[in-house]
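Here the structure is laid out as structure tokens; the discussion comes afterwards.
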Amino acid sequence: MNKNGQNRYTVGVLVSNEPGVLSRVSGLFSRRGFNIESLAVGPTQDQSVSRITIVVLGNDSSIEQLVQQLYKLIVVRKVRVYDPANTVERQLVMIKVAATAAEREGLMRIVEIFKAKVVDVTRESLSLTITGDADKVSAMIELLEDYGITEIVRTGTVALQRGNQIMNSELFDL
Amino acid sequence: MVPRVIRPKREDGCFFTIPVLYGLINEKRVSSLKLCGAAILIECLIEQGTETIFGFPGGAVLPIYDELYKRSDRIGHVLTAHEQHAGHAADGYARVTGKTGVCLATSGPGATNLVTAIATAYMDSTPTVFITGNVPQTLMGTDSFQEADISGITMPITKHNYMVTDVTKLADTIREAFFIARTGRPGPVLVDIPKDVQIAETEYVPVTGDALIPPLSASHPTMQLRPVGAALERYKLKIEPFAARAVELIQQSERPLIYYGGGVILSGAERQLLELANLVDAPVVSSLMGLGAISEADPRVLGMLGMHGTHAANIAMQRCDLLIAVGVRFSDRALGNAATFAPNAKVLHIDIDRAEINKNVTTTLHLTGDARTVLDLLLPRLEQKTHATWMRQAQSMAEEYLNNDLFEPRKILKTMSEIAPEITVATDVGQHQMWTAQHFPFIRPRQLVTSGGLGTMGFGLGAAMGAAKALGEPVVLATGDGSFRMNLTELSTIAYYQFPVIIVLFNNGTLGMVRQWQTLFFGKRYSQTTLDRGPDFMKLADAYGIGHARVNTVEGFRAAFSEALSLRAPYLIECMLDIDEMVAPMVAPGSPIDSFCLN
Ligand SMILES: Cc1ncc(C[n+]2csc(CCOP(=O)(O)OP(=O)(O)O)c2C)c(N)n1
Ligand SMILES: [Mg+2]
């Protein structure tokens, strides 16, 4: 919970894969006063359906309202607020660090500890990718800050429920 | 576009032979025709039973207007002076009939002129379909002449919208648009059709009956709330435990109050609502949009709730121990202060829109569904209750009016209702709207046509003309001098078509509602609200060849109104009122609903 008494929720939305759908969904969030922390979108195994994963701040009643509003969009087929205890969350982050040859050694230790990957090296820089949940990523970023981060780019969080729980696009029957 | 499920062909092939409706098609004995997009659009409107389109032409809809010309035997068109009012007319048409209103405009400025009308229809949930032309797709995105991203612009104010990029999808898109507009909680749907799609040709396969319902969107969650057949049985099972709990709440209550809104009228649940009130033996209060759902002649009716609600309604709300809210969304104008609203009550909320539940008021129990469906399930379970003392208490709070000789708004409205108790009344927005809501006793649903949610000044004349077109009988427009200035350009339209709109202009020489707030909350600093300027409304009416009278007595009004009714033609009655007339009672915004700042 943050200082405004808000929690972080990860919401999965299955939508029809068609032009404009992303702005319909993101427009709803901003219109209703929700701050999106991250948003990731891509097609699913069913070509006609895309899956959007949104991390958003709120409280239980505001999130309930959000879910109900999402369901009013004709393009939305299913909405799920993930239970953190039963969900695996990942984001991919690419980071470019200013690093001289002398600093590289220390950096490589951090890379190992976090199971990050080096994807590019030059005389003045090192580029890496890291995959993990939000906590792991921010822990690594904090350590890298000592070296001087010149660029960060993130995919946003995606999430999958554990075990047999499946989020399919079968329409909700009220 | 929502991806489509291929529609199964019926074995008897009856999709393809439609004897009367498509004389042309039958004559040639072909199962389908190659038509251009514009023609397909018109055929699809005819399929939907559209009789009248309200609209305004332009370059990007020329092919559509050309097809309209050819099909004028089957479908009519009303040419307004401004697209906004065409939009309000389609909305007014829908409000009085329950049918889907249709409006047509060109690209760019034509489309953007619709925005206020679309937002108005959205806030009041009226089933409407707005069709716009757009530039050819080859020019789209290049800032070409009269190009506007109208589907982007209207995304937050439509229930759904489309841009059709492929003529083969046009027919199903139109069918889906109508289905979405009228199903579940109704609302406006916009279909934007680029000019190249209007011109491109494809096979048009006419359909009727069930085939008019698009399979995919029909199963969307928001569309399932008035279930029939097997779906109704499933719905009954699911709602069962909650209905039982609702019955319990009702049985336990000693001071029940029913609060109803526009949803009752949209659902056609008026009879069920009255039956509920009688069984529960409860007083009833209405939202602005609900007025007329129960006849105000019924002694149970305490009047409208809210900022300009009656004493009786607002006080009963604070005293009741069970609030049964049906088809109503707890607008802030009705609540006053949400935290102190109905402090002693458990809340049972029945609404078709799940998103309205717990949005502004926390409920004890809710039943999601169409008001009529839910009440039909609930009523047989209820026993007859009596709450004689509570009923008497609630009714005793009704206010008495003083009688003086002033020519004042409530007398105009009372006189109007004495002469024409059943007449449809459209309004603009301001004091005159609230006076109408308070003092004209609405005795049937769809009698009041008013912009409740958006509060659109300038709504009235367009809406009244849509209503008059639909009903073919005289309609009153209660308007103010400020609002009328926003739409008087449509006098030419009502004069040309001789729509029997009786304009009752409450001329107080001010933007009265704003002035009232300036009087009460801004130290009587009347910043930019005094309308000490033209036109001379009598000369104006004369210029359009419209009958007119200026009155400043009740007798004068009675005579003019009676004449207007007998003429069955457009007429303007200008009522000269004092600039300082107020709407009372009044609760200041954000105050508890029973603490009146004006009595
Ligand atoms: C399009 C629009 N602009 C501004 C307002 C704000 N507003 C609400 S009531 C009102 C005054 C209306 O004046 P008039 O039509 O003369 O009605 P009266 O209150 O005097 O009866 C105004 C300006 C509005 N509701 N709609
Ligand atoms: Mg006025």
List the aspartates and glutamates whose Cα lies under 13 Å from the Cα of residue B:159, skipping any in the same chain that are fewer than 8 positions away. B:124, B:176, B:353
Percent relative contact order for the range B:19-223, counting Cα pairs under 8 Å at least six residues apart, stands at 25 percent
Surpassing 31 Å at the alpha-carbon level, of the pairs A:136/B:359; B:236/B:346; B:195/B:469; B:70/B:169, are A:136/B:359
Pairs of Cα atoms under 8 Å, at least six residues apart: use those to get the relative contact order of chain A, whole percent. 26 percent
For a footprinting-style exposure proxy, rank B:151, A:26 by other Cβ within 10 Å, fewest first. A:26, B:151
Give me the number: length gained by fully extending residue B:576 to residue B:542, i.e. 0.36 nm times residue separation minus the C-alpha to C-alpha distance, one decimal in nm. 10.4 nm
Give me a single rounded figure for B:230-238: the average over its residues of other chain Cβ atoms within 10 Å of their Cβ. 1
Taking the simple approach of a point 7 Å from Cα along Cα-to-Cβ for both residue B:237 and residue A:100, what is their distance in nm? 7.4 nm
Label the range B:368-438 by shape, choosing from rounded, prolate and oblate, from the square roots a ≥ b ≥ c of the eigenvalues of the Cα gyration tensor; if a/c is under 1.5 it is rounded, and otherwise prolate applies when a/b is larger than b/c, oblate when it is not. oblate
Only helical DSSP H runs with n ≥ 4 go in: add -39500 (n - 2.57) per run for the protein assembly as shown, normalise by residue count and round the 222 nm mean residue ellipticity to 500 deg cm²/dmol. -10000 deg cm²/dmol
In Hz, Karplus ³J(HN,Hα) per residue of the range A:148-164 (6.51, -1.76, 1.60; θ = phi - 60°; x = Gly, Pro): x, 7, 9, 8, 9, 9, 10, 7, x, 6, 10, 9, 9, 6, 6, x, 7
Over all directions, average the projected area of the Cα convex hull of the range B:19-223 and note it in nm². 10.7 nm²
For chain B, what does the alpha-carbon gyration tensor say about shape, rounded, prolate or oblate, given a ≥ b ≥ c as the root eigenvalues, a/c under 1.5 as rounded, and a/b over b/c as prolate? oblate
Residues B:517, B:390, B:435 arranged by fewest to most Cβ contacts within 10 Å: B:517, B:390, B:435
Name all residues of the range A:78-104 having a backbone nitrogen under 11 Å from the label point set 7 Å from the Cα of residue A:160 along its Cα→Cβ direction, giving them as ranges. A:88-90
Residue B:522 to residue B:251: FRET efficiency via 1/(1 + (r/R0)^6), r the Cβ-Cβ distance, R0 45 Å, to the nearest 0.05? 0.35
At R0 = 22 Å, FRET efficiency that the Cβ-Cβ distance of residue A:152 and residue A:112 yields, to 0.05: 0.65
Hey, what did chain B get for relative contact order, percent, Cα under 8 Å, at least 6 apart? 13 percent
Computed over the range A:77-117, Cα set: Rg, Dmax in Å: 17.1, 53
For the protein assembly as shown, Rg(Cα) over 2.2 N^0.38 Å is 1.07
Modelled FRET efficiency - R0 35 Å, residue B:298 with residue B:66, Cβ distances, 0.05 increments: 0.10
Scan chain B and report its longest stretch carrying no GluC sites (Glu not before Pro) that are both in a DSSP loop and have at most 12 other Cβ atoms within 10 Å. B:12-253
Taking a ≥ b ≥ c as the square roots of the eigenvalues of the Cα gyration tensor of chain A, is the shape rounded (a/c under 1.5), prolate (a/b larger than b/c) or oblate? prolate
Take chain A, connect every pair of alpha-carbon atoms lying under 10 Å apart with a spring to form a Gaussian network, then pick out the residue of A:42, A:132, A:58 with the largest mean-square fluctuation. A:42
Proxy exposure order for A:30, B:286 (fewest C-beta within 10 Å first) is A:30, B:286
For helix A:101-113, report the angle its Cα long axis makes with the longest principal axis of the Cα atoms of chain A; keep it between 0 and 90° and round to the nearest 10°. 40 degrees
Sort B:370-376, A:89-95, B:185-191, A:69-75 by the packing proxy (mean of other Cβ within 10 Å over each peptide's residues), most packed first. B:185-191, B:370-376, A:69-75, A:89-95
Extension gain, residue A:141 back to residue A:30 (0.36 nm per residue minus Cα-Cα distance, nm): 37.1 nm
Just name one of B:146, A:158, B:58: the one whose Cα is farthest towards the positive end of the charge dipole of the protein assembly as shown (beta-carbon charges, Lys/Arg +1, Asp/Glu -1). A:158
Inter-chain Cβ neighbour average for residues A:69-81, partner chain, 10 Å: 4
Cα principal axis extents for the range B:409-576, largest first, Å: 46, 36, 32
Could I have the simple spin-label model distance between residue B:140 and residue A:8, label points 7 Å from Cα toward Cβ, reported in nm to one decimal? 3.8 nm
Taking the 0 to 90 degree range and rounding to the nearest ten, how far is the long axis of helix A:21-31 tilted relative to the main principal axis of chain A, both from C-alpha atoms? 90 degrees
Taking the dipole of chain B about the Cα centre (Lys, Arg +1; Asp, Glu -1; charges at Cβ), the one of B:508, B:494, B:229 that reaches farthest to the positive side is B:229
At each listed q (0.16 Å⁻¹), what is the log10 of I(q)/I(0) that the Debye formula gives for the range A:88-158 modelled as equal alpha-carbon point scatterers? -0.48
Student exercise, the range B:230-396 dipole from Lys, Arg, Asp, Glu Cβ charges, in Debye to nearest 20: 220 debye
Rounded tilt (10° steps) of A:134-144 against the dominant C-alpha axis of chain A: 20 degrees
Hey, could you get me the Stokes-Einstein D for the range B:469-525, Kirkwood radius over alpha-carbon pairs, 4 °C and 1.567 mPa s, rounded to whole µm² s⁻¹? 98 µm²/s
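Read the figures in this text as sums done on the coordinates, not as results from a lab. In this text the structure is predicted, and so the values were computed from the model without any measurement. Cβ atoms come from the backbone with ideal geometry, glycine included; neighbour counts cover every protein chain shown.
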